[in-house]
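Undergrad: I have a structure here, written as structure tokens, and I will follow up with some questions on it.
A short reminder: the numbers here are calculations on the coordinates, not readings from a lab. Source: prediction; values computed, not measured. Neighbour counts run over all protein chains shown; Cβ positions are idealised from the backbone, glycine included.
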Amino acid sequence: MKTTASTIPFKEIKADVLIVPVFEGDSPQAGILAELNAATGGQVALAFERGEISPKRDRWTLLDSRGGISAARLLVYGAGSSAGIGPVSVQRLAGAAARIADQKAASSAAIFLSSVLSTVEFAQAAAEGATLGVLTPDFYVTKDDDAPHRLEEFAVASNSLSEGSLSEAVERGALMAEATNFARELGFAPSNDMTPSELARRAEEMASREGLQYEALGEDRMKQMGMGALLAVSRGSQEPARLIVLRYESGDRGVGAAVPAGKSDRELIALIGKGITFDSGGISIKPALNMEEMKYDMGGGAAVIGAMQILARLRPNARVLGLVPASENLPSGRAFKPGDVIRSLSGKTIEVANTDAEGRLVLCDAITYAIEQGATMLVDAATLTGAVVVALGEVRAAVMGNDDELIKSLVAAGERSGERVWPLPMDKEYVDLIKSDIADIRNAGNRTGGSITAGWFLRHFVGETPWAHLDIAGTAWTEREKPYIAKGATGFGTRLLANFVIERARSKN
Ligand code: BES
Ligand code: MN
Ligand code: ZN
């Protein structure tokens, strides 16, 4: 879908559907509704009287404009109270309305931002929400020639913002959502397609298109280096593992800032995403119910790849390493087993209590690799524990770490991007649960505090480097369709990670 900005008078907007949000307290006798009412021969007031138009959230009606305006149809969409309006509610409003326009066979739609909605922040949110809203995960459905056409063009319209600032906001919103949709696409793809090598290929394709450095380590390299934890997870599978490495570096170092080649005094942020393309649990096999969803166990990796695309396009002043340890987790005669002791890249030995706690194993080697590569700050995103789904559901991801400032800035970036996170505590007492009698550490505790013991496991590998961990197991996938988004992969973390880097770059300059 093409997303554009429009500043022409709203009556002249040419679109199959003109989306008009209606708030509590709006009346057909005032503002844009009054103008539309006059232009459509009193239709708007009539629909109000009948109760067909309602400001209640997610109530909507579609009216024919009868030639009174340039748009063919009017979608009057209930936006609730304008008091608590924020970027997240605007994203959802635009997403839901765009989905309706799409389902009603419109090929073009425009959302008109009047009064409180007419800000650059909301223009970005509208473009973002609409782009996310129209993604339909029918990638594998056979094309039907008789199917109604889909939404191809979406305009964000305002009669009070300047052309320049409106287009910039719309472009930014579309770019954020396109990268998120890219991550969602990777998450929706079944594991017979989305293998570790295919994930690497998709990352490479993106990197060469967007101008990022790309490299992928294969299993031979991993063996040479000693990545015993990542390799242990991969052993049971016929599909070879990959460690995907993406690099972003802004060119401009400023005046007089020459640094010898290969060295840098600038910080290097590593974004690390769990890339398990299918998690059966391995020998500690999962129950069959919903196991098919474990194709999205590379959601953290997808978010990192998506975030790197955003950085490549917006070019903040930063150096970023994007790492995705990618593997399958399957049982077989070669698979790693409960009780095995493995040696990680860091040299630390790990007793495998449960082969289903595989995410932390692939991540710990990626963390050590990041530190070896000179990372001065680490942020990982992973669909790591079922426990976080129970604790926080689909609404917020958990954040943990060893640096309060870093955690705070991730919480703040989350509030702004709509991908919200909430801190979990990391008291020392929790570490006792993953002490091993035979090795340096165990990969699983008991049933209590599961998300926190997983966090503590990772913390053993980060040393003094500032680090934060996002457990996105609950937020990377939605069990039900929402008015504003299809059910399934959400791309959660894409915008959060990118915004985090962008805001950090801005605050440091
Ligand atoms: N990928 C799962 C976590 C998960 C669960 C993601 C539900 C999305 C939805 C992870 O690898 C896992 O299996 N974790 C185990 C850890 C346990 C064995 C210590 C879990 O949470 O049960
Ligand atoms: Mn698992
Ligand atoms: Zn997993």
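Undergrad: Note the angle between two axes, namely the Cα long axis of helix 404-417 and the longest principal axis of the Cα atoms of the chain, as a number of degrees from 0 to 90, rounded to the nearest 10.
TA: The answer is roughly 30 degrees.
Undergrad: Where does helix 196-210 land angle-wise versus the long Cα axis of the chain, in degrees 0 to 90, nearest 10?
TA: 50
Undergrad: When Lys274, Lys11 are ordered from fewest to most other Cβ atoms inside 10 Å of their Cβ, what list results?
TA: Numbers: Lys274 32, Lys11 17.
The fewest-first ordering by Cβ neighbours comes to Lys11, Lys274.
Undergrad: Nearest 10 degrees, 0 to 90: what angle lies between the long axis of helix 494-508 and the longest principal axis of the chain (Cα atoms)?
TA: The angle comes out near 90 degrees.
Undergrad: Using the basic label-point model (7 angstrom from Cα toward the beta carbon), what is the Ala83 to Arg334 distance in nanometres?
TA: Once both label points are built, they end up 6.3 nm from each other.
Undergrad: Sticking with this structure for a sec: Just flag the trypsin sites (Lys or Arg not before Pro) in the stretch 330-375 sitting in loop per DSSP whose Cβ has no more than 15 other Cβ atoms within 10 Å. Don't skip to the answer; put the middle values down first.
TA: Working: sites: Arg334, Arg343, Lys348, Arg360; in loops: Arg334, Lys348.
Those that pass, being in a loop and sparsely packed, are Arg334.
Undergrad: Sticking with this structure for a sec: For the stretch 428-466, which trypsin sites (Lys or Arg not before Pro) are in a loop by DSSP, counting at most 12 other Cβ atoms within 10 Å?
TA: Passing sites in the stretch 428-466 are Lys435, Arg447.
Undergrad: So what is the 222 nm mean residue ellipticity for the chain from helices alone, if each DSSP H run of at least 4 adds -39500 (n - 2.57) and you divide by all residues, rounding to the nearest 500 deg cm²/dmol? It would help to have the intermediate numbers written out before the result.
TA: On the way: 14 runs with 181 residues, N = 509.
Computed mean residue ellipticity for the chain: -11500 deg cm²/dmol.
Undergrad: Past the 21 Å Cα-Cα mark, which pairs from Lys286/Lys482; Lys223/Lys286; Lys223/Lys348; Lys408/Lys482; Lys56/Lys482; Lys348/Lys428?
TA: Details: Lys286/Lys482 28 Å; Lys223/Lys286 28 Å; Lys223/Lys348 16 Å; Lys408/Lys482 29 Å; Lys56/Lys482 16 Å; Lys348/Lys428 19 Å.
Beyond 21 Å between Cα atoms: Lys286/Lys482; Lys223/Lys286; Lys408/Lys482.
Undergrad: Right, something else. Could you work out the longest stretch of the chain that avoids the chymotrypsin sites (Phe, Trp or Tyr not before Pro) located in DSSP loops with at most 15 other Cβ atoms within 10 Å? Spell out each step's value before the answer.
TA: Working: sites that count: Phe139, Tyr140.
It runs 141-509.
Undergrad: Based on the alpha-carbon gyration tensor of the stretch 2-110 and its eigenvalue square roots a ≥ b ≥ c, which shape applies: rounded if a/c is under 1.5, prolate if not and a/b is larger than b/c, or oblate?
TA: Rounded, because the longest to shortest axis ratio a/c is under 1.5.
Undergrad: Around Ser107, under 10 Å between beta carbons, what's the net of Lys plus Arg minus Asp minus Glu among the other residues?
TA: Working: positive: Arg150; negative: Asp16, Asp102, Glu152, Glu153.
Surrounding charge for Ser107 is -3.
Undergrad: Could you pull the Rg and Dmax for the chain, using just the Cα atoms, both in Å?
TA: Computed over the Cα atoms of the chain, radius of gyration and Dmax are 24.4, 81 Å.
Undergrad: Same structure again: Would you mind checking the pairs Lys14/Lys104; Lys2/Lys274; Lys14/Lys487 and listing those with alpha carbons more than 21 angstrom apart? Spell out each step's value before the answer.
TA: Values: Lys14/Lys104 17 Å; Lys2/Lys274 31 Å; Lys14/Lys487 31 Å.
The pairs that break the limit, which is 21 Å between Cα atoms, are Lys2/Lys274; Lys14/Lys487.
Undergrad: Let me ask something else about it. Please say if the stretch 66-130 is rounded, prolate or oblate, where rounded means a/c under 1.5 for a ≥ b ≥ c the square roots of the C-alpha gyration tensor eigenvalues, and otherwise the choice is prolate for a/b larger than b/c and oblate otherwise?
TA: On the way: a/c = 1.95, a/b = 1.57, b/c = 1.24.
It is prolate, given that a/c is not under 1.5 and a/b is the larger ratio.
Undergrad: Another one. So which aspartates and glutamates pass the test for Lys295, namely a Cα distance under 15 Å, with those fewer than 8 places away in the same chain ruled out?
TA: Excluding near neighbours in sequence, the set is Glu185, Asp193, Glu198, Glu239, Asp279, Glu328, Asp356, Glu358, Glu479.
Undergrad: Please compute the Kirkwood hydrodynamic radius of the stretch 367-466 from all pairs of different C-alpha atoms, in Å with one decimal.
TA: Numbers: mean 1/r = 0.0688 Å⁻¹.
Hydrodynamic radius (Kirkwood, Cα pairs) of the stretch 367-466 is 14.5 Å.
Undergrad: Would you mind computing, in nm to one decimal, how far apart the modelled labels at Ser165 and Asp404 are, each placed 7 Å from Cα along Cα→Cβ?
TA: About 3.7 nm separates the two model spin labels.
Undergrad: In what sequence do Leu433, Leu212, Leu363, Leu135 fall when counting other Cβ within 10 Å, fewest first?
TA: Details: Leu433 18, Leu212 21, Leu363 29, Leu135 24.
Going from sparsest to densest Cβ surroundings: Leu433, Leu212, Leu135, Leu363.
Undergrad: Let me ask another. Apply the Karplus curve 6.51 cos²θ - 1.76 cosθ + 1.60, θ = phi - 60°, to the phi angles in the stretch 110-124 and return the couplings in whole Hz, x for Gly and Pro.
TA: The phi angles translate into 9, 9, 9, 9, 10, 5, 4, 7, 7, 10, 5, 4, 6, 4, 4 Hz.
Undergrad: What does the C-alpha gyration tensor say about the overall shape of the stretch 316-410? Classify as rounded when a/c is under 1.5, otherwise prolate if a/b is larger than b/c, or oblate. Present the calculation step by step, with values, prior to reporting the outcome.
TA: Numbers: a/c = 2.15, a/b = 1.32, b/c = 1.62.
Since a/c reaches 1.5 but b/c is at least a/b, the shape of the stretch 316-410 is classed as oblate.
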